[in-house]
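Since the structure comes first, as structure tokens, the remarks are kept for the end.
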Amino acid sequence: MRYPDTYIGGVGAFVPRTVVSVEKAVAKGWYPAEEAELHNLAGTVVAGDVPAPEMALHAARSALKRSGRAPADLDLLLYASTWHQGPDGWPPHSYLQRQLVGGDVLATEIRQGCNGMFLALELAAGHLAVPGRRAALLVAADNYGTPLMDRWRMGPGYIGGDAASALVLTREPGFAQLTSVCTTTVTEAEELHRGSEPLFPPGVTVGRKMSFAARNEQFRQQVLPKGEATAALFKIQRALMEVVERALDESGIKPADLTRVAFMNYSEEIVEQRCMTMLDLPMARSTWDYGRTIGHCGASDQVLSLDHLLLTGQLGPGDHLLMLGTGPGVTVSSAVIKIVDTPPWV
């Protein structure tokens, strides 16, 4: 959907300094050598015992400071996550409310997997369309270093990374404009991330490890032979093409006009086949070179790439960034961001 007069005023990121290389992971027996050779990933960032909400707070403070806004200017706080944030039954956005924005800001958590930030963009843009509302804070954070998650075998073609990201969305002109954000759901592929795991009792309550790789394999072995699931997998790629075409059309540009493309921090072959080939663009315009060094950081991948591109001077006034990704459900999302001016913090 097109959102007129919707801007990004600030971007924040928290990326741990600890980087574990793929070479070390292979030597330790954490990561299969054959996958290291196939996927060409370099490593991942590890937060240790730093809680995800604490990382989120760091990223949020940075985004607010860069935007020049005060917490009192906010009308909405959206917190996207993909993994457990703290004590069960406790909402992580309440931590940011107490530590940063206060209790008068409408706040909630978004559990839409790796596409959480895209859903946050759509919800925040719609919320800010009401006259009198000024700004929204969008945050995503995850720390996968827990007993029930193996970051090295989380899913096919990616390694889990710990990080947090934040955006300040505003109705007043900022350094970048959100020209379009689009999402659709391929319901026929819902089993892809569920596999044959029972719905009850929930796996975490009985100490069952979470592995999308295992669930994907169950899907391929038990569901694909039925025939209709094969069509569902093709439909995911078609849906990705459709949301990209829609976002580009609403933004008034074509694929060739894109300066950079931020997909999920997946393997080289996945980024090339699912994303860049579809756009008929070279890998040099992707953010894979950066993503391969930090891992797949949940819902933060695309915003971390935006922050990196800005700080390294790879995006400037007039440039367009396409962000796209997929999440369980299966949801497929894309967004186009136009850089209006060089941010003052760059």
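Assorted remarks:
- When the criteria are applied in full, Leu64 fails the requirement of being part of a helix (DSSP H, G or I), hydrophobic (A, V, I, L, M, F, W, C), loosely packed, with under 14 Cβ neighbours inside 10 Å and at negative phi.
- Restricting region 273-292 to residues that are charged (D, E, K, R) and assigned to a helix (DSSP H, G or I), the residue that is surrounded by the fewest Cβ atoms within 10 Å (Cβ to Cβ): Asp289
- Within region 172-209, tally of residues that are open to solvent by 30 Å² or more (accessible area, probe 1.4 Å), over 15 Å from Ile236 (Cβ atoms) and assigned to a strand (DSSP E or B): 1
- Yes/no for Ala256 being over 30 Å from Gly86 (Cα atoms), surrounded by fewer than 14 Cβ atoms within 10 Å (Cβ to Cβ), among the small types (Gly, Ala, Ser) and at pLDDT 95 or above: yes
- Figure legend. Inter-residue proximity from region 270-282: first residues of a type in the set (Phe, Trp, Tyr), second residues surrounded by 19 or more Cβ atoms within 10 Å (Cβ to Cβ) and modelled with pLDDT of 95 or more, beta-carbon distance below 7 Å, spacing 6+ or different chains. No pairs are indicated.
- Checked against (1) in contact with a helix residue (DSSP H, G or I) (Cβ under 6 Å, 6 or more places away or on another chain); (2) farther than 28 Å from Arg153 by Cα, Tyr7 meets all criteria but (1).
- In region 81-125, of all residues being of a type in the set (Ser, Thr, Tyr) and open to solvent by less than 50 Å² (accessible area, probe 1.4 Å), the one that is farthest from Pro202 (Cα to Cα) corresponds to Ser94.
- With respect to being hydrophobic (A, V, I, L, M, F, W, C), under 17 Å from Ser300 (Cα atoms) and outside any helix (DSSP H, G or I), Trp90 falls outside the description.
- Set side by side, the residues Leu240, Leu306 differ, and just one is within 29 Å of Ser62 (Cα to Cα) and part of a helix (DSSP H, G or I), which is Leu306.
- Looking across region 14-56, the residues that are closer than 20 Å to Gln302 by Cα, among the aliphatic types (A, V, I, L, M), open to solvent by less than 60 Å² (accessible area, probe 1.4 Å) and in contact with a strand residue (DSSP E or B) (Cβ under 7 Å, 6 or more places away or on another chain) come down to Val15, Ala42, Val45, Val46, Ala52, Met55, Ala56.
- Members of region 1-40 that are among the aliphatic types (A, V, I, L, M), under 20 Å from Asn265 (Cβ atoms) and not in a loop (DSSP other than H, G, I, E, B): Val11, Ala13, Val19, Val20, Val22, Ala25, Val26, Ala36, Leu38
- Out of Glu228, Glu250, Glu242, Glu217, sole residue that is surrounded by fewer than 16 Cβ atoms within 10 Å (Cβ to Cβ) and at pLDDT 95 or above: Glu242
- Hey, Arg153 charged (D, E, K, R), touching a helix residue (DSSP H, G or I) at 6+ places or on another chain (Cβ under 6 Å) and surrounded by fewer than 24 Cβ atoms within 10 Å (Cβ to Cβ) or not: yes
- Among the candidates Gly295, Gly329, Gly318, residue that is modelled with pLDDT of 95 or more and surrounded by fewer than 24 Cβ atoms within 10 Å (Cβ to Cβ): Gly318
- Among (1) part of a helix (DSSP H, G or I); (2) free of Cβ contacts under 8 Å to residues at least 24 places away in the same chain; (3) touching a helix residue (DSSP H, G or I) at 6+ places or on another chain (Cβ under 7 Å), the one test that Lys235 misses: (2)
- Odd one out for Leu77 among (1) closer than 23 Å to Glu122 by Cα; (2) touching a residue at least 24 places away in the same chain (Cβ under 8 Å); (3) open to solvent by 40 Å² or more (accessible area, probe 1.4 Å): (3)
The values are calculated or read from the model by the stated rules, or taken from the named source; none is laboratory data. Just so you know, these numbers come straight off a predicted model, no measurement behind them. Neighbour counts run over all protein chains shown; Cβ positions are idealised from the backbone, glycine included. To get the accessible areas, we keep the full protein, side chains included, count just its heavy atoms, and leave off ligands, DNA and RNA. Shrake-Rupley method; radii C 1.70, N 1.55, O 1.52, S 1.80 Å.
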